[in-house]
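Notes follow the structure.
The values are calculated or read from the model by the stated rules, or taken from the named source; none is laboratory data. Model, not experiment: these values are computed from the prediction. Because the Cβ atoms are built from the backbone with ideal geometry, glycine has one as well, and the counts that use them run over all protein chains shown. The accessibility values were calculated without ligands, DNA or RNA, using every heavy atom of the protein model including side chains. Shrake-Rupley method; radii C 1.70, N 1.55, O 1.52, S 1.80 Å.
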Amino acid sequence: MKFPKSLLAGLGLALGLVGTAMAQSALRPVSGGDLVGYGSIHHPSIGRKGMVVAQSHTAAAIGAAILKQGGNAVDAAVAVAFAETVTLPRAGNIGGGGYMLVHDAASGKTVAIEYYGEAPSGLTPDYLLGENGRLSEEKVMSFKGVAVPGTVAGLYEAHRRFGHLPWAKLVQPALDLARKGLVMTDDEALTLAGRQQAMARDPGAKALYFKADGSAYEAGEVFRNPDLAWTLKQIQARGADGFYDGPVAQRLVEGVRAGGGIITAADLKAYRPRVSEPIWSDYRGYRIAYMAPSSAASSVAEAMNILETQPMDQFSWGGVASLHVMAEALKIATTDRYYSGGLPQYHTPAKGMASKAFAKSRAALISMDRTLDPKTLTPVDPSPFDSPDTTHFSVADAQGNVVSNTYTLSSSFGAHVVAPGTGFLLNNSMANFSWGAGRLTSPNRPEPGKRAQSTISPVIIFKDDKPWVAVGTPGGGTILSTMVQVLVNLIDYRLNLAEAIQRPRFSQGDVDDPMLLEDSIPEDLVPGLQAKGHKVGRSQIIGSVQALMIGPDGKFYGAADTRRPDSGVSSVVAY
């Protein structure tokens, strides 16, 4: 058999390359054993005409489809948010609340839309307390724990200001999913089954999320939600009014009050999202838009500004020194959160908290030899420095619009309750106030019409005055730690987006709390941390970062945290 000369030439070239590589390997080590050299284990996905990164790959694909149909980033964000009510019921929601940063390319402005849960007008200081005077878990995980939901109002406000496609078109994909059914993934089947006992306490939740015989859905089975389809139909037809005034509102109020809650029809009608400027700061030359209160993003800004006083790039990544310094900054920022509270009763001094001068004064507490303790670390009021399961998704379009959105039911699956006939879980955000007789002077004390402080902290990082990275994470008390580490990974250690997200993490709370390490952080580091006085423990995975980056070449680089199995990146054109 004769072979074409072109094939023989190609084969000879390939063999020559292999021979060259083998000869080189005899002279010096060759990394990776591949003709192509890569500097990172993890690599972001690449897109060119818009991108969506979300904890639900199905919802991400829906958002990308909206971009492909001519929608902008806000249109896609609205579609993703509604879709995750179906695909990610533990966190995706219309029964909760959240925070959205929007960069509008046309005006060059960035706005913060706060739509967190609001305390009902009938709230009293002892409402969620048990007989022992402490917060009652039983009351929290019931209709009593439900704050007035803000998600639909927040999404509608974002669309009213910035949307391009018709509202009804954006709700339709979620409505179709609810009506026709969704094939359960292994992750969702597992997490729902794990909440079977808790859900069984509420007849509405049990009837909605489990089979008629009470058994759990298995992976591969189809889950349908006709009640949610009905609710979405009202929202599709009437916008926010379809949720806060009318049949949905009536069912919601009746269900909440029958379960012992106190939300009224007037509370729903009175709900409004709050639109404001972000809290602006910068880190090593990168301008950063932090979400406004009652988000904790200003505390992330404080921690980053403290770290800016430290030579982070001189500490080896993942070493004792870098972990120690980040933990100290987080202890200080978490302690100073004492001065965070919710409008309208309390104005958090967020600009002071995010100021360089305040951070410099607090950074003076850090010692490389010894960790802080309760005697050396007490909260300091930032006011003198002030001037005149949760889930995140990031979206960007080809026109330069960017959305960084985190929303939540507070606990995973919220209060584990469903108002009959509505088809969606309700939040337990009332637990986020500072309850108890000893906290009556706290800025975060429970008051009617108030919104509790939250650890949610979406941000947008700017480079050369243009959006560079949109990022956020769920994780409750671990959010601050996760956000700080991802930003340090990106800016100080110059890791690519995927590496910055996938690297092992730790969590640090109050000064008395242990430093919790993910299992992938080597045990060899523990003695060094303990020698500095840190209490060290282990944790399961921390956070679920969903982020995208816009490169100088105009390409989109997305990274979905593999800590959540169903997360995904979806682009209009992948390559």
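Over the chain, with a single point scatterer placed on each C-alpha, what log10 of the ratio I(q)/I(0) does the Debye formula yield at q = 0.06, 0.08, 0.09 1/Å?
Reported log10 I(q)/I(0), two decimals: -0.31, -0.54, -0.67.
Gap in Å between the Cα centre of the range 207-282 and the Cα centre of the range 38-55?
Spelled out, the Cα-based centre of one part sits 33 Å from the other.
So for the range 318-433, considering every pair of alpha-carbon atoms, how many percent are separated by more than 26 Å?
Result: 48 percent of Cα pairs exceed 26 Å.
Give me the Å³ per residue figure for the convex hull around the C-alpha atoms of the range 295-381. Mind dumping the intermediate values first?
Numbers: hull volume 7.7 nm³, N = 87.
Spread over its residues, the Cα hull of the range 295-381 gives 88 Å³ apiece.
May I ask you to list the lysines whose Cα is less than 28 Å away from that of Lys466, ignoring any residue fewer than eight positions away on the same chain?
Within the straight-line cut-off, Lys466 pairs with Lys49, Lys68, Lys109, Lys351, Lys356, Lys360, Lys555.
Just to confirm, what accessible area per residue do you get for the range 470-575 at 1.4 Å probe, in whole Å²?
Counting only protein heavy atoms, the per-residue value for the range 470-575 is 36 Å².
Just to compare against my own numbers: the Cα pair-distance distribution for the range 105-144, 5 Å bins, whole % per bin, please.
Distribution as computed: 6, 16, 18, 17, 9, 7, 7, 6, 8, 5, 2, 0 percent.
Quick one: putting +1 on the C-beta of Lys and Arg, -1 on the C-beta of Asp and Glu, what dipole do you get for the chain around its Cα centre, in Debye to the nearest 20?
900 debye
With Cβ to Cβ distances under 9 Å as the rule, what net charge do the other residues near Ile550 carry (K, R +1; D, E -1)?
Once all neighbours under 9 Å are counted, the net charge is +3.
Please say if the range 115-193 is rounded, prolate or oblate, where rounded means a/c under 1.5 for a ≥ b ≥ c the square roots of the C-alpha gyration tensor eigenvalues, and otherwise the choice is prolate for a/b larger than b/c and oblate otherwise? Spell out each step's value before the answer.
Details: a/c = 3.95, a/b = 1.48, b/c = 2.66.
Oblate, because a/c is 1.5 or more while a/b does not exceed b/c.
Once you have the Cα-Cα distance between Val36 and Ala207, take 0.36 nm times their residue separation minus that, and quote the gain in nm to one decimal.
Extending this stretch completely gives an extra 56.1 nm.
Looking at the calculated P(r) for the range 203-245, what percent of the C-alpha pair distances fall above 12 Å?
Working: 602 of 903 pairs.
The answer is 67 percent, as a whole percent.
Do me a favour and compute the ellipsoid semi-axes for the range 238-311 from its Cα gyration tensor, root of five times each eigenvalue, largest one first, whole Å.
Ellipsoid half-lengths, sorted descending, are 42, 14, 8 Å.
Please compute the per residue accessible area over the range 272-421 with all protein chains in place, 1.4 Å probe, rounded to a whole number of Å². The partial results should precede the final answer.
Details: 5240 Å² over 150 residues.
Using a 1.4 Å probe on heavy atoms only, each residue of the range 272-421 averages 35 Å².
Taking only the Cα atoms of the range 366-518, how large is their convex hull per residue, in Å³?
Spelled out: Cα convex hull of the range 366-518, divided by residues, is 230 Å³.
Go through Ala415, Ser340, Ala83 and say which Cα lies farthest out towards the positive end of the charge dipole of the chain; charges sit on Cβ, +1 for Lys and Arg, -1 for Asp and Glu.
Value: Ala83.
Quick one: what do you get for the range 77-228 if you divide its Cα Rg by 2.2 N^0.38 Å?
In units of the globular-protein estimate, the range 77-228 measures up at 1.23.
Let's test the formula: R0 of 45 Å, r as the Cβ-Cβ distance of Ala219 and Ala357. What FRET efficiency results, to the nearest 0.05?
That gives a FRET efficiency of 0.25.
How much of the accessible area of the chain, probe 1.4 Å, is carbon plus sulfur, in whole percent?
Looking at the chain in its full context, I get 54 percent from C and S.
Work out the FRET efficiency for Asp313 and Ile541 from their Cβ-Cβ distance, taking R0 = 41 Å, and round it to the nearest 0.05.
Numbers: r = 27 Å, r/R0 = 0.65.
The pair Asp313/Ile541 has a calculated efficiency of 0.95.
Mind checking Rg over Rh on the range 480-558, alpha carbons, Kirkwood formula for Rh?
The Rg/Rh ratio comes out at 1.05.
Show me the ranking of peptides 256-263, 499-506 by mean Cβ neighbours inside 10 Å, starting with the highest. Please report the intermediate quantities before stating the final value.
On the way: 256-263: 19.2, 499-506: 22.8.
In decreasing order of mean packing, 256-263, 499-506 become 499-506, 256-263.
Direction-averaged shadow area of the convex hull around the Cα atoms of the range 196-287, nm²?
Here the figure is 11.0 nm², rounded to one decimal.
Tell me the label-point distance for the pair Asp126, Asp512, using the 7 Å Cα-to-Cβ offset, in nm and rounded to one decimal.
With each label placed 7 Å out from Cα toward Cβ, I get 2.5 nm.
When ligands, DNA and RNA are left out and all protein chains stay put, how many square angstrom of accessible area per residue does the range 52-120 have with a 1.4 Å probe?
Details: 1200 Å² over 69 residues.
Value returned for the range 52-120: 17 Å² of accessible area per residue.
Run the simple label-point estimate for Trp280 and Arg161 please: 7 Å along Cα→C-beta, distance reported in nm.
Going by the 7 Å Cα→Cβ label model, 1.6 nm.
Along the range 315-326, what does the Karplus equation 6.51 cos²θ - 1.76 cosθ + 1.60 (θ = phi - 60°) give for ³J(HN,Hα), rounded to whole Hz, x for Gly and Pro?
Each residue of the range 315-326 in turn: 8, 5, 4, x, x, 4, 4, 5, 5, 4, 5, 5 Hz.
Ranking request for peptides 227-235, 279-287, 72-80: highest mean number of other beta-carbon atoms within 10 Å first, then the rest in descending order.
Descending mean neighbour count gives 72-80, 227-235, 279-287.
With the convex hull built on the Cα atoms of the range 127-173, state its orientation-averaged projected area in nm².
So the Cα hull casts an average projection of 5.1 nm².
Order 141-147, 373-379, 42-48 from most to least packed using the mean count of other Cβ atoms within 10 Å.
Top to bottom by mean Cβ count within 10 Å: 141-147, 42-48, 373-379.
About its Cα centre, how strong a charge dipole does the range 446-575 have in debye, to the nearest 20, once Lys and Arg get +1 and Asp and Glu get -1 at the Cβ? If you can, show how the numbers build up before the last one.
Working: 13 positive and 15 negative charges, 43 e Å.
Around 200 debye, computed over the range 446-575.
In whole angstrom, note down how far apart the Cα centers of the range 316-337 and the range 420-465 are.
25 Å
Do me a favour and compute the ellipsoid semi-axes for the range 37-122 from its Cα gyration tensor, root of five times each eigenvalue, largest one first, whole Å. Mind showing how you got there, number by number?
On the way: eigenvalues 146, 66, 44 Å².
In descending order the semi-axes read 27, 18, 15 Å.
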